[in-house]
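The structure under discussion appears below in the form of structure tokens.
Read the figures in this text as sums done on the coordinates, not as results from a lab. Note that the structure is a prediction, hence the values are computed from the model and not measured. Here the Cβ positions follow ideal geometry from the backbone for every residue, glycine too, while neighbour counts run over all protein chains shown.
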Amino acid sequence: TYWWKIRLWSAHHHASPQNASPHQASQWSAPQSFTTGLLHPYDWNARWITASPKVLGANPQTSAAALPVFRDSFHLHGHITKALLFISGLGQYDAHLNGRPVTTSVLNPGWTNYRKTVLYNTFNVTRLLHPGRNVIAVLLGNGMYNVPKTPHRYQKFKGTFGPPKLIAQLMVTFADGHTRTIATGNQWKVAKSPIIFSQTYGGEDYDARILPNWDQPTLDDASWPSATLTHGPGGALSAQRIPPIQVTHLYRPIHVTKIKPGVTVYDLGQNFSGWPVITVTGPAGSRVKLIPGEQITSAGLVSQQSMGRGPIWFTYILNGHGVEHWHPRFSYTGFRYVQLETIPAAGSNIRPHVTSLAGAFVHSTAPIIGHFHTSDLLFNRIHRLINAAIQANTQSLLTDCPHREKLGWLEQTHLMGVSLFYNYGLHTLYQKMANDIAEAQLPNGLVPEIAPEYVVFGDGFRDSPEWGSAVILSPFTDYRFTGDRHLLATHYSAMQA
């Protein structure tokens with residue numbers, strides 16, 4: 001932990017600050033502090049853990065399996081002054097302490113070449129802990145780390161770095177100065193989670209009848225099997241420094257059309273990147289299917305023509321316990337319309353009742369540093385349109401669309417660079433992407449068209465200067481707007497190659 005404070009001298013005072021009299025300077029600010037992440041491999045006591053295939057089962061029609069949930073309970077004694085959680089769950093994770101989420105950010109950690117770099121997040125969770133028994137629970141999703149084969153749902157490509165896995169370390173400091181570390185290991189428990197399907201392109205399915213209280217301390221997990229120790233994917237653990245991805249806005253329907261019994265189409269009035277959010281009641285086993293799209297057909301149904309070569313949908317299966325709230329956790333897409341289909345449970349004719357539906361806008365929270373407004377309404381509308389497209393494609397890298405691709409096509413970093421930097425503070429994101437580019441570079445110096453290069457395309461763009469020159473133009477764009485030479489110096493050898 002580092003402490004700092006600041007004082008100011010008048011710009012009109014010509015003497016050096018050391019010779020200034022006290023009345024010519026401001027008072028000292030209140031002390032502030034920041035805490036660094038775990039910078040060295042030997043700081044990690046935690047082990048990577050995973051779930052055995054027997055725990056999760058497999059879908060015989062695809063290579064996809066249900067996702068795991070990990071839990072550990074521990075007792076704390078004494079007054080807690082600080083608690084920091086260091087965590088990386090691959091491909092993505094959702095961590096809760098004593099039934100409460102540890103962060104409002106989503107889609108953590110950022111996408112990388114996991115064989116070279118694995119990002120981890122650090123959260124101050126002091127407020128979530130208490131003396132006595134505590135429980136940490138973590139859901140995992142696939143993300144870009146594991147893109148399973150899904151013949152009946154859209155996927156841009158198929159590839160995997162391995163089965164989902166978790167590493168986490170909770171460091172607790174007490175008032176008397178002693179510390180306690182709770183780290184992932186084979187003492188953690190694992191079970192099949194309510195997420196029975198998740199794929200970053202094709203959507204997500206959630207069965208709320210499975211472990212409805214997966215994150216609650218009251219859940220008895222004594223019979224759960226132990227987690228399996230495993231190895232990481234090979235990449236070095238590195239602290240994530242990009243702006244967090246969050247839900248920044250909820251779009252409410254501007255028009256609702258009932259097509260036929262059980263089928264309703266919602267118009268959210270705006271194209272954006274994210275996921276639907278629903279509130280629903282109904283019998284256990286009944287389900288809600290949510291089909292997102294950018295367009296509608298002449299019959300008023302959602303069209304996914306612009307979204308790839310296969311369907312994308314989200315499914316929620318009710319547990320039947322009163323009012324239920326849900327949204328996907330690990331799969332997002334681009335859409336304006338949602339086709340909602342309600343399906344009774346087997347042997348029943350009672351459909352679930354959706355009381356509300358909204359669209360959550362999910363994107364990077366890079367700070368807004370530029371504004372544009374004129375007396376010309378058309379220019380203002382164009383600017384809002386451009387900004388919406390920028391936000392929808394600014395995640396843990398710059399994507400070129402939030403549904404078909406989600407890949408880091410590198411020409412975006414310099415062709416859109418001026419528009420990006422005039423509007424948003426993207427220095428740390430460009431640092432991360434420069435590292436992605438350097439890690440994607442081939443031994444002969446070639447820089448491919450996407451980074452991380454999750455898939456090798458045979459379309460002729462891989463060795464093309466409009467894309468590969470991003471190794472030079474992306475850091476240079478950052479330098480033009482920030483004056484910081486760090487990226488140029490760090491990646492100069494990659495530029496030479």
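Data overview
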{"read-out": "Rounded, prolate or oblate (a/c below 1.5 giving rounded, otherwise prolate when a/b exceeds b/c) for the range 222-359 by Cα gyration tensor", "value": "oblate"}
{"read-out": "Helical segments meeting 18 Å axial Cα length and Kyte-Doolittle -0.5 threshold in the chain (DSSP H)", "value": "377-392"}
{"read-out": "Linear extension gain, Leu301 paired with Tyr479, 0.36 nm per residue minus alpha-carbon span", "value": "59.4 nm"}
{"read-out": "Selected from His321, Tyr454, Met144, residue furthest toward positive end of dipole (the chain; charges at beta carbon)", "value": "His321"}
{"read-out": "FRET efficiency estimate (nearest 0.05) - Cβ-Cβ, Asn387 to Lys158, R0 35 angstrom", "value": "0.55"}
{"read-out": "The chain, helix-only ellipticity at 222 nm - DSSP H runs n ≥ 4, -39,500 (n - 2.57), divided by all residues, nearest 500", "value": "-4000 deg cm²/dmol"}
{"read-out": "Loop trypsin sites (Lys or Arg not before Pro), the range 175-281 (other Cβ atoms within 10 Å of the site Cβ: 15 or fewer; DSSP)", "value": "Arg209, Arg241"}
{"read-out": "Computed lengthening from Tyr42 to His255, 0.36 nm per intervening residue step minus Cα-Cα distance", "value": "71.1 nm"}
{"read-out": "Neighbour cut-off at most 10 other Cβ (10 Å), DSSP loop, trypsin sites (Lys or Arg not before Pro), the range 275-366", "value": "Arg309"}
{"read-out": "Sequence ranges 193-202, 310-319, 120-129, ranked by mean other-Cβ count within 10 angstrom, highest first", "value": "193-202, 310-319, 120-129"}
{"read-out": "Rg and Dmax [Cα atoms of the range 284-378; Å; Rg one decimal, Dmax integer]", "value": "17.8, 61"}
{"read-out": "Magnitude of the charge dipole, the chain, Cβ model with Lys/Arg +1 and Asp/Glu -1, debye to 20", "value": "760"}
{"read-out": "Within the range 116-144: backbone nitrogen closer than 15 Å to the His325 label point (7 Å, Cα to C-beta)", "value": "none"}
{"read-out": "Cβ-based net charge around Ile254, under 15 Å, with every Lys or Arg adding one and every Asp or Glu removing one", "value": "+1"}
{"read-out": "The range 194-235 shape via C-alpha gyration tensor axes, a/c threshold 1.5", "value": "oblate"}
{"read-out": "Kirkwood-based shape ratio for the range 73-226, expressed as Rg/Rh from alpha carbons", "value": "1.00"}
{"read-out": "Set Lys289/Lys406; Lys189/Lys406; Lys116/Lys406; Lys54/Lys116; Lys82/Lys406; Lys260/Lys406 screened for pairs whose C-alpha atoms are more than 27 Å apart", "value": "Lys189/Lys406; Lys54/Lys116; Lys82/Lys406; Lys260/Lys406"}
{"read-out": "Inter-label distance for Leu446 and His231, nm, one decimal - labels placed 7 Å from Cα along Cα-to-Cβ", "value": "2.8"}
{"read-out": "Cα-based Kirkwood hydrodynamic radius, the chain, one decimal, Å", "value": "24.7"}
